[in-house]
Every structure is written in structure tokens, then in C-alpha cells.
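Working notes, beginning with the structure itself.
Rule-based calculations on the coordinates, nothing more; no lab input. Here the structure is a predicted model, which means the values were calculated and not measured. Virtual Cβ from ideal backbone geometry, glycine too; neighbours counted across all protein chains shown.
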Ligand code: XMP
């Protein structure tokens with residue numbers, strides 16, 4: 001059984017993973033578990049504390065989520081955040097009601113009592129609220145540790161029992177000292193030491209992979225990007241002899257990408273790389289398909305069909321390893337209560353029934369954490385800092401039907417954009433940059449002739465984990481040069497536009 005310093009019970013908040021992440025950033029290993037895990041199972045993790053996350057439910061509703069009550073008798077320090085606070089209050093006999101003043105966004109709190117959580121922190125702090133229920137009175141044995149204008153019980157504590165509760169979200173960056181509050185809980189209430197790092201994560205994942213896979217074989221789907229390369233590196237360090245690497249040429253890759261990936265990875269892990277040419281299969285299946293979600297589902301399903309067919313030809317292959325990240329899971333809405341934004345091909349795009357069992361060692365972490373892990377495992381900086389590229393590839397960067405002609409146009413334009421970014425020192429400054437082929441034709445004039453051709457959008461964003469992003473403020477000269485080169489060099493394009501939307505409300509990819 002896996003060990004963790006802090007267990008975060010997930011009641012469905014959009015931010016649950018951020019709680020774990022903030023603790024990991026500060027050297028404390030936090031693991032997320034379902035809210036209804038039993039107290040008996042919790043004992044197996046040898047944890048030093050428990051956090052009850054926020055969530056969309058109301059404790060007084062018929063369909064409220066409750067944790068095992070025995071958790072309160074384990075003698076472990078507990079921190080409740082938002083819904084977690086309301087649960088604690090409800091459990092200890094206080095009343096929780098719909099708030100007459102719902103609080104969303106920033107609020108100022110005043111610390112009234114320096115409990116473990118507020119140790120060495122300013123008395124007045126900006127925090128981030130997002131709640132529609134509130135605690136009406138103090139539960140027995142608790143004191144108020146902080147108030148806000150609309151919440152007389154904004155933070156409460158029972159220091160003797162080491163139970164703490166916050167109405168606000170310390171895990172969100174807008175909470176000025178939120179990170180410190182979580183660290184204080186770990187350090188002063190739970191006596192955790194800050195010794196965890198990506199090296200410990202690698203060791204834990206290697207042990208987990210060995211336990212999960214046993215003596216069976218694993219198919220590792222590699223794309224040339226950092227996520228799947230890190231997964232391959234973990235497998236190479238744990239079960240090298242049982243690992244089969246496969247790279248699928250979907251035909252939806254960027255210019256020269258197949259050759260680059262093969263050259264970069266062929267000898268990297270000391271494991272043979274099997275390339276599957278599936279260009280025709282993907283193009284045929286995508287013929288006439290316009291709807292983005294349908295494209296994503298078709299691609300996700302086709303990947304699995306190809307892997308399963310390949311696995312059937314080998315003996316003893318029971319697992320498929322892939323570089324799913326937490327972002328893929330939350331946006332595909334398979335975690336908690338979150339809504340589907342888009343079906344990431346390796347999560348929401350998977351078929352309902354699969355013969356291969358999944359090995360997904362990165363599914364708890366974010367892209368920037370994966371990069372640190374990649375460096376820890378000895379991958380080159382070039383590989384680790386490659387721009388992310390989505391599994392569905394260029395298919396979700398062509399608005400409308402994907403066909404050979406549109407793919408060729410997009411590949412050429414994209415190559416020019418990336419070349420120019422690299423030549424001008426902007427590739428490493430942007431999180432991701434690419435071209436999108438629009439399903440829009442417009443009139444132009446080239447030489448003395450009228451043109452009626454397609455438009456290309458340039459997309460470049462700055463981000464740290466892909467959950468939010470702002471469009472990159474690239475210099476006009478650079479954009480002008482890229483536009484001129486694309487229009488001159490790529491047949492079929494007579495107009496280039498720059499996407500100046502951020503995420504949210506837009507997403508990074510257009511589909
Ligand atoms: P969005 O478009 O959701 O993208 O803002 C966030 C990040 O995720 C990448 N992305 C994907 N990656 N499979 C992947 O492996 C997918 O289906 C997928 N969809 C989006 C996107 O490129 C960006 O870095």
C-alpha cells in the first residue's frame with residue numbers, strides 16, 4: 001500500500017488537486033482519495049493528517065456526501081476546506097445553512113487567534129472564497145480563529161483535537177498566504193517534515209508500476225512528447241524487460257515529426273521502438289467528420305484499437321502505459337464534479353470497454369511537475385521543454401474536415417511559425433505555439449491576381465500548467481515576418497491572423 005504524509009479526501013471540488021499540489025511543492029507528499037474511503041483503509045497509508053476538500057454538495061441535502069465518521073476518531077489532525085468545513089461543523093453538531101450572502105472571489109479575513117494554521121502569518125489577509133452555504137454557529141469545543149465581513153466563522157479550530165476548518169480556499173493562488181496555511185497545517189499540526197521531492201515520487205511510482213504489472217508485459221504508447229517519454233523512462237527504470245514501446249504514425253503529426261521522434265527515442269531507453277504506420281486508418285475514419293468531440297472520440301478509440309491489435313500479436317501483454325496528466329482528467333470530467341470541457345484523447349476519448357489495463361503513473365501531477373520528473377530521470381532539456389502536442393494532433397487544429405491537403409497546408413505553415421520562434425529566441429519563452437487552419441476563405445490580391453484562399457491562425461500562449469493561459473505578447477516584427485513567410489511559401493493561404501484570446505474563456509487548442 002502506498003504511503004503518504006497527508007491524505008486529501010475528494011468531495012468533488014475543482015481545486016482538490018491543487019491542495020495536493022501546493023503541499024507537494026513544499027516537500028510534503030499528499031495523496032488524493034475518494035471521500036468515502038473507510039477509516040480502516042485510511043490507517044494503511046500511515047498518514048500524519050487528513051484534509052477534507054471542498055465540493056458542490058450541501059451537507060443538509062438528501063444527496064450530501066459524507067465521509068466515514070470513524071475518521072474523526074483516528075486521532076489524526078484534520079483540516080476541512082469549504083465543504084470540508086461544513087462537514088466538520090455538521091459532524092460536531094453546529095448548523096449549516098444556505099448563506100444569505102453568498103461569497104465568491106476575494107475577501108479580507110482578520111485572524112483572531114494564532115492557531116497552528118496562522119502561525120507566523122499576518123493578521124489581515126486576502127483569501128479566495130467560493131461558497132453558498134455557511135456555518136451558523138460554533139460547534140462544541142471549537143473557537144473562531146478568523147472572521148471576514150460576511151463570515152463570522154470564517155476559520156475555526158479545536159486545537160486539542162487538532163481539527164481545523166476554513167471557509168475559504170487556501171489552495172488557490174489568490175489566497176495570499178494560502179500556501180503557508182497549508183504548510184503550517186502539515187508542519188505544526190501534523191508534524192510532517194518537508195523531505196519529499198520528485199526523486200521520491202519517481203521511486204514511489206516505480207514501486208507502484210512493479211506491483212501493478214507483476215510479471216506481465218506493458219505496451220507503452222510513446223508520442224515523442226515529454227509525458228510519454230517520462231512514462232517510458234519510469235518503465236525503463238522498473239520493468240525494462242517487460243516493456244514494449246510503440247509509436248503510432250497517425251499522419252496527424254507535424255512536419256518531419258515521425259523521423260525526429262524515431263531518431264530521438266530509438267536508442268534512448270535501451271528498448272526497441274515499434275513504429276506503426278496508421279496514417280490511412282486515421283484519415284479514413286476522420287473522413288467527413290467535423291464535430292470536435294467526435295474527432296476526439298474517433299481518435300481515442302482508434303489508438304486503442306491499434307494498441308489492442310498490436311498487443312494480441314505479442315504474448316503476455318496485459319497493460320497499456322500512457323502519459324495521462326491530471327489536466328487531461330479534470331478537463332475530460334472523470335474527476336469529481338467537474339464539467340466536460342473537451343475529451344482528452346487518452347481519457348474521455350477512450351472506448352468504454354478495453355482489454356488492456358491502464359498504467360498511468362503521471363495522472364496525479366501537472367505538466368510542470370512532469371518536466372521536473374523528466375529532468376530527475378535524466379531526460380534531456382530539449383525533450384523535457386518541448387512544447388506540448390495533443391494526442392489527436394493536427395486533427396484538432398484543422399477546423400472542419402481533416403484530409404491530406406489540409407494536413408499538408410497546416411504542416412508547412414506550422415513549421416514556418418516554429419522555425420521563426422526558435423530563430424528569434426521565442427520558442428522557449430512560450431508554453432506552446434502552433435498554427436490552426438481555419439475553415440474560412442477570404443479574398444486577397446497576389447501579384448495582380450485575385451485570390452480566394454484559406455486563413456491560418458497563429459496561436460502562442462504563456463502558461464505554467466495549461467489549466468489557464470494568456471496569449472503570448474509576441475513582437476509585431478516577428479508576427480509580420482511569420483505572416484509574410486506563410487503567405488509567400490504555403491500554397492493555399494492568403495491570410496494570417498493572431499489569436500489574442502486567453503484561457504479561460506478560450507481554450508489553448510481550438511477544438
Ligand atoms: P486546452 O485546449 O484544453 O489544452 O486548453 C490544454 C493543454 O492540453 C493539451 N491537450 C491535449 N493533450 N490529449 C493530450 O495529450 C488531448 O486530447 C489534448 N487536448 C488538449 C493542449 O495542447 C494544451 O497543452
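Sort 397, 459 so the one with the fewest other Cβ atoms within 10 Å of its own Cβ comes first.
Working: 397 27, 459 23.
In order of increasing Cβ crowding within 10 Å: 459, 397.
Give the peptides 306-314, 388-396 in descending order of average Cβ contacts within 10 Å, highest first.
On the way: 306-314: 14.8, 388-396: 23.6.
Averaged packing, sorted descending, gives the order 388-396, 306-314.
On a 0 to 90° scale, report how tilted helix 226-238 is relative to the longest principal axis of the chain, with both axes built from alpha carbons and the result rounded to the nearest 10.
Helix 226-238 sits roughly 70 degrees off the main axis of the chain.
Can you give the translational diffusion coefficient of the stretch 130-247 in µm²/s, computed by Stokes-Einstein from the Kirkwood radius over Cα pairs at 10 °C and 1.306 mPa s?
Values: Rh = 18.4 Å.
It diffuses with D of about 86 µm²/s by this estimate.
Would the stretch 71-149 count as rounded, prolate or oblate if I go by the C-alpha gyration tensor, calling it rounded below 1.5 in a/c and otherwise prolate when a/b exceeds b/c, oblate otherwise? Show your work: numbers first, answer last.
Details: a/c = 1.83, a/b = 1.11, b/c = 1.64.
Since a/c reaches 1.5 but b/c is at least a/b, the shape of the stretch 71-149 is classed as oblate.
Does the stretch 355-435 classify as rounded, prolate or oblate by the C-alpha gyration tensor (a ≥ b ≥ c root eigenvalues; a/c under 1.5 gives rounded; else a/b over b/c gives prolate, otherwise oblate)? Walk me through the numbers on the way to the answer.
On the way: a/c = 2.88, a/b = 1.26, b/c = 2.28.
It comes out oblate by the Cα gyration axes.
For residue 277 and residue 74, compute 0.36 nm times the residue count separating them, minus their Cα-Cα distance, and round to one decimal in nm.
67.5 nm
Semi-axes of the equivalent ellipsoid for the stretch 1-65, please: Cα gyration tensor eigenvalues, times 5, square-rooted, ordered largest first, whole Å.
Working: eigenvalues 94, 48, 10 Å².
They are 22, 15, 7 Å, listed from largest to smallest.
So for the stretch 210-259, what are the equivalent ellipsoid semi-axes in whole Å, largest first, each being the square root of 5 times an eigenvalue of the Cα gyration tensor?
Working: eigenvalues 123, 22, 11 Å².
Three semi-axes, in Å: 25, 11, 7.
For the chain, what is the Kirkwood hydrodynamic radius in Å, using each pair of distinct C-alpha atoms?
Working: mean 1/r = 0.0401 Å⁻¹.
By the Kirkwood definition, the hydrodynamic radius is 24.9 Å.
Return one quarter of the surface area of the convex hull spanned by the alpha-carbon atoms of the stretch 6-189, equal to its mean projected area, in nm². Working shown, then result.
Details: hull surface 35.9 nm².
Convex hull of Cα atoms, orientation-averaged projection: 9.0 nm².
Quick check on packing: order 130-136, 27-33, 503-509, 72-78 by the mean number of other C-beta atoms within 10 Å, highest mean leading. If you can, show how the numbers build up before the last one.
Values: 130-136: 19.1, 27-33: 20.7, 503-509: 14.6, 72-78: 17.0.
The densest-packed peptide leads the list: 27-33, 130-136, 72-78, 503-509.
Between residue 439 and residue 260, what FRET efficiency follows from the Cβ-Cβ distance if R0 is 22 Å, with the result rounded to 0.05? Write out the running numbers ahead of the final one.
Values: r = 29 Å, r/R0 = 1.30.
That gives a FRET efficiency of 0.15.
Per the helix-only calculation at 222 nm, which mean residue ellipticity applies to the chain, given -39500 (n - 2.57) for every DSSP H run of n ≥ 4 and division by its residues, nearest 500 deg cm²/dmol? Intermediate values should be presented prior to the final figure.
Details: 14 runs with 152 residues, N = 511.
Rounded to the nearest 500, the figure is -9000 deg cm²/dmol.
Pull out a ≥ b ≥ c, the square roots of the eigenvalues of the alpha-carbon gyration tensor of the stretch 234-391, then state rounded if a/c is under 1.5, prolate if not and a/b is larger than b/c, and oblate in the remaining case.
Values: a/c = 1.35, a/b = 1.15, b/c = 1.18.
It comes out rounded by the Cα gyration axes.
From the P(r) of the stretch 403-498, can you give the percent of Cα pairs sitting at distances over 24 Å?
Numbers: 1050 of 4560 pairs.
That tail contains 23 percent of the Cα-Cα pairs.
On C-alpha positions alone, give me the angle between the axis of helix 367-376 and the longest principal axis of the chain, in degrees, nearest 10.
Orientation of helix 367-376: about 80 degrees from the principal axis.
Using the 10 angstrom Cβ neighbour count as an exposure proxy, how do 217, 367 rank, fewest first?
Values: 217 17, 367 20.
Sorted ascending by nearby Cβ count, the order is 217, 367.
What is the packing order of peptides 269-277, 372-380, taking the mean over residues of other C-beta atoms within 10 Å and listing the highest first?
Values: 269-277: 14.7, 372-380: 17.4.
Descending mean neighbour count gives 372-380, 269-277.
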